[in-house]
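For reference, the structure discussed in these notes is given below.
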Amino acid sequence: MTIRRLPETLVNRIAAGEVVERPAAAVKELVENALDAGATRIDVVVRDGGRSLIAVTDDGCGMTADELELAVERHATSKLPGEDLLNIATLGFRGEALPSIGAVSRLTLTSRAKGSDSAWCIAIEGGAKGRVAPAAHQQGTRVEVRDLFYATPARLKFLKQPRTEFDHAVDAVERLAMAHPHVSFTVADEGRTPVRLSVAQGELLDARLTRLGALMGREFSDNSIPVLAERAQVQLTGHIGLPTLNRPTARHQYLFVNGRPVRDKLLVGAVRGAYADFLARDRHPMLALFLEIHPEEVDVNVHPAKAEVRFRDSSLVRGLIVSALRHALAQAGHRASNTVATATLDAFSAGMTPQAPSSPPDFRYGFSSRHSSYIPRDLADAVSAFQAPLTGFAATPSARPAAPAAMPAADEPPPDHPLGAARAQVHNTYIVAQTGDGIVIVDQHAAHERLVYERVKQALVDGGVKRQGLLIPEVVELDEPSAARIVARAAELADLGLVLEPFGDGCVVVREFPALLGKTNIQGLVRDLADELAELGDALSLRERLDAVCSTMACHGSVRAGRSLNQDEMNALLRQMEATPHSGQCNHGRPTYVELKLSDIERLFGRR
């Protein structure tokens with residue numbers, strides 16, 4: 001077959017297939033152009049999911065008649081002042097957006113340059129460019145895209161329902177709005193305006209939090225931690241959610257490089273590594289991170305839709321993200337998100353509904369048949385649990401039972417501690433503490449698990465975990481693959497204080513174990529470690545494998561639910577939580593305590 005040059009219209013349609021795969025991609029390209037033009041207000045209109053109309057209006061610098069005619073030519077741009085493709089300070093370019101969109105739609109550009117007394121417009125229909133003509137328009141540019149993909153009807157078959165396509169367009173605008181809080185945005189559709197973002201006031205970091213709160217919800221702005229770090233002229237800023245504020249998918253993770261929203265595997269992996277100690281593998285944090293790096297250190301044109309980037313020093317970027325996020329989480333201390341308390345109040349409120357007269361009496365949270373008040377179920381048991389003397393184990397698992405301590409007087413004010421003073425232990429599992437303005441309910445097992453885990457990690461940093469030898473080595477029977485996995489990791493486990501060796505087919509013998517675990521079930525610990533290593537495989541790094549193993553050890557070495565604690569032991573646990581970073585959640589991302597303010601409790605009982 002002979003080689004031939006493709007017609008210009010066909011070349012533009014091929015480019016459109018790469019750049020404009022759906023209406024949201026066209027919206028993204030046009031909004032980016034408006035931002036690069038210095039716009040402070042951008043209005044977007046999308047009808048029929050973008051099929052019939054996409055209109056983007058801005059108040060940017062605008063274009064003259066000559067610039068307008070040149071703007072719709074392939075590889076014509078104002079975003080590259082020189083010829084250095086590695087020094088791109090704008091939102092990036094490929095020089096194909098406008099001509100590619102015009103090749104598959106009816107495109108009209110109307111613009112008025114700053115300081116000019118006249119506006120101009122140009123139209124493109126299916127790749128055929130018209131003449132520049134005078135028009136009436138204010139300063140800035142308006143781009144109208146009508147009948148998208150009319151020139152390539154086969155692509156219309158691949159579009160989703162109009163509402164779905166509109167949601168994708170809204171998501172594209174919202175991502176750009178997060179990075180530019182000093183620009184106002186609106187997105188309208190068929191007479192409604194679901195997105196209306198005014199200019200956020202204040203410094204950039206504060207303005208971004210205001211904008212993030214408007215888009216991600218108030219619960220994020222109330223439960224986020226600021227991030228500010230710099231290394232080798234690479235700056236990372238943003239806000240990350242507390243570990244207890246998590247979601248089942250990574251949809252609420254927004255990552256930006258030089259103001260450009262990206263979906264990069266390197267950045268996503270760095271976030272997962274930073275939260276590895278705090279969340280289960282099927283949970284994901286909420287966050288928005290903004291990376292500022294010299295343009296020559298990042299390639300922004302490796303993807304046709306500019307959704308991915310390539311870093312010259314990827315290890316530097318990953319290390320910066322992991323260390324900055326872990327430092328920010330450590331600064332949060334024992335803090336947990338207030339959504340935990342909200343969920344608790346919602347659970348109480350859901351049960352406080354009047355029952356039908358025909359139903360049998362159930363005093364879980366229903367109305368009494370004789371009094372119009374809420375009566376908790378098992379009231380007698382609850383009262384006896386608060387009045388009974390609390391005896392049990394010491395704060396460390398290896399200590400002997402301590403004598404019961406006298407409970408404080410009812411009118412004695414609680415000490416000035418964030419987690420208050422212990423008042424009772426309920427069902428030998430939950431510690432109830434009184435604060436100056438409410439109560440705190442602590443899950444003793446989850447809280448102590450986090451404390452033990454942090455001690456194991458600190459011991460590793462300080463040079464190794466102290467070991468305790470067994471007077472009689474313990475033999476653990478496993479299946480042969482599990483035993484082989486355990487033995488293969490014997491050196492790593494020895495760093496964690498667990499010394500074992502093979503003992504025949506399918507067996508290992510444990511000679512030493514971590515001293516800080518106290519009295520623990522060696523058989524259960526080894527079997528759980530074997531299962532953990534089978535799940536991890538070789539996909540994770542040594543550091544991540546050690547963290548996972550530490551977590552399993554901490555679970556076995558912590559105070560179990562069902563163990564009685566006296567008041568001194570409960571207060572000791574509360575004070576350790578206040579002094580230990582990340583103690584607001586256990587190693588699996590579950591909250592270790594719930595705090596209810598007095599005002600919230602009063603609302604439950606109708607006092608407010």
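Only a single item in (1) over 24 Å from LEU30 (Cα atoms); (2) exposed (fewer than 13 other Cβ atoms within 10 Å of the Cβ) is not met by GLN161, and it is number (1).
Taking the conditions (1) outside any loop (DSSP other than H, G, I, E, B); (2) touching a Ser or Thr at 6+ places or on another chain (Cβ under 9 Å); (3) β-branched (Val, Ile, Thr) in turn, VAL317 satisfies each one other than (2). Considering (1) under 16 Å from ASP58 (Cβ atoms); (2) loosely packed, with under 14 Cβ neighbours inside 10 Å; (3) not β-branched (Val, Ile, Thr), the lone condition that ARG131 does not fulfil carries the number (1).
In this structure, is VAL432 at pLDDT below 80, of a type in the set (Val, Ile, Thr) and under 38 Å from the mean Cα position of the chain (by Cα)? Working first, answer last.
On the way: at pLDDT below 80: no; of a type in the set (Val, Ile, Thr): yes; under 38 Å from the mean Cα position of the chain (by Cα): yes.
Considered against the rule, which asks whether it is at pLDDT below 80, of a type in the set (Val, Ile, Thr) and under 38 Å from the mean Cα position of the chain (by Cα), VAL432 comes out as no.
For THR193, the test of being in contact with a strand residue (DSSP E or B) (Cβ under 6 Å, 6 or more places away or on another chain), surrounded by fewer than 21 Cβ atoms within 10 Å (Cβ to Cβ) and not aliphatic (A, V, I, L, M) is passed.
Condition (residue is modelled with pLDDT of 90 or more and polar (S, T, N, Q)) applied to segment 79-89: is it met by at least one residue? Full working, then the answer.
First pass over segment 79-89, keeping only residues modelled with pLDDT of 90 or more: none.
Taking every residue of segment 79-89 in turn, none turns out to be modelled with pLDDT of 90 or more and polar (S, T, N, Q).
Determine which member of the set ARG41, ARG94 is of a type in the set (Lys, Arg), in the same structural domain as THR110 (by TED's automatic domain parsing) and modelled with pLDDT of 80 or more. Checking each option against the conditions leaves just ARG41. Residue pairs whose Cβ atoms lie under 6 Å apart, separated by 6 or more positions or on different chains, with the first residue in segment 409-423 and farther than 14 Å from GLN567 by Cα and the second part of a loop (DSSP other than H, G, I, E, B) and modelled with pLDDT of 90 or more, do not occur.
The values are calculated or read from the model by the stated rules, or taken from the named source; none is laboratory data. Just so you know, these numbers come straight off a predicted model, no measurement behind them. Don't worry about glycine lacking a Cβ; one is built from the backbone with ideal geometry, like all the others, and counts go over all protein chains shown.
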